[in-house]
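The values are calculated or read from the model by the stated rules, or taken from the named source; none is laboratory data. Bear in mind the structure is a predicted one, so any value in this text is a computation, not a measurement. Backbone-built Cβ (ideal geometry, glycine too); neighbour counts: all protein chains shown.
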Amino acid sequence: MEQLFINWLIEYGYVILFIWSIMEGETGLVMAGVLSHTGDLDLTTSIIVAGLGGFTGDQIYFYIGRYNKKYINKLLRSQRRKFALANILLNRYGWMVVFIQRYLYGLRTIIPMAIGTTRYSAKMFAIVNFIAAMIWASVTILFAYIFGEEILKVIHIAREYWYIALPLGAAIAGGVWYYFHKVTQKN
């Protein structure tokens with residue numbers, strides 16, 4: 001089963017990377033960097049595909065916010081504090097928010113939607129988003145490409161000692177979730 005999954009990643013890697021980059025991305029970008037390191041994917045093609053996927057995803061989220069403001073506010077009522085945080089960041093930092101939102105866990109999909117609900121220029125968003133997506137893809141994939149051997153060693157150790165890696169990974173993920181949940185919670 002594991003070999004089948006690896007074969008799918010190699011055969012359909014660029015399609016998977018594009019779709020994964022539309023939705024979130026970092027794990028997919030690290031996967032692409034490691035597969036580029038092992039020679040199964042082309043490094044330049046991976047960066048371009050991931051950048052275009054990230055750009056496409058954020059453009060979709062932006063236009064969802066732009067043309068469905070009332071529906072988005074109703075649907076994502078539980079996320080309204082994140083929307084407020086996104087608007088505060090946009091007002092304070094302007095276009096830099098478009099750039100850095102890719103690295104803000106839990107806000108990557110919310111910020112483009114929140115920006116879409118404002119009067120922020122769609123053209124300016126697209127330009128900054130494209131540049132940011134390409135830099136994001138380049139930095140993340142190159143990092144995984146350069147440290148590919150070390151990442152593969154960590155994966156091998158995690159597979160061997162899964163009974164330690166699984167609870168540790170769950171604790172880290174839970175800690176990150178708890179932190180961001182507390183940050184966006186009303187005091």
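Worth a mention:
- If the condition is being farther than 11 Å from Val34 by Cβ and either among the acidic types (Asp, Glu) or not in a helix (DSSP H, G or I) (or both), then segment 117-157 contributes Thr117, Thr118, Arg119, Tyr120, Ser121.
- Exactly one residue out of Thr118, Thr109 is surrounded by 16 or more Cβ atoms within 10 Å (Cβ to Cβ) and of a type in the set (Ser, Thr, Tyr): that is Thr109.
- Check on Phe5, under 17 Å from Met134 (Cα atoms) and of a type in the set (Phe, Trp, Tyr): no
- Any hit, segment 108-115, residues being of a type in the set (Gly, Ala, Ser) and modelled with pLDDT under 80: no
One line per residue, one yes/no per condition, for (1) aliphatic (A, V, I, L, M); (2) within 23 Å of Phe130 (Cα to Cα); (3) out of contact with any Asp or Glu (no Cβ under 9 Å at 6 or more places or on another chain); (4) outside the structural domain of Asn7 (by TED's automatic domain parsing):
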position	(1), (2), (3), (4)
Thr44	no, yes, yes, no
Thr56	no, yes, yes, no
Arg66	no, yes, yes, no
Ile72	yes, no, yes, no
Met96	yes, yes, yes, no
Arg108	no, yes, no, no
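- Unmet requirement for Val30, which otherwise passes all of (1) part of a helix (DSSP H, G or I); (2) in contact with a helix residue (DSSP H, G or I) (Cβ under 9 Å, 6 or more places away or on another chain); (3) more than 27 Å from Gln59 (Cβ to Cβ); (4) of a type outside the set (Lys, Arg): (3)
- Filter pass, Tyr103 being surrounded by fewer than 15 Cβ atoms within 10 Å (Cβ to Cβ) and either in contact (Cβ under 8 Å) with a residue 24 or more places away in the chain or at positive phi (or both): yes
- Qualifying helices (runs of 4 or more DSSP H) (wholly inside segment 48-116; at least 1 residues being over 19 Å from Val139 (Cα atoms) and under 13 Å from the mean Cα position of the chain (by Cα)): 110-116
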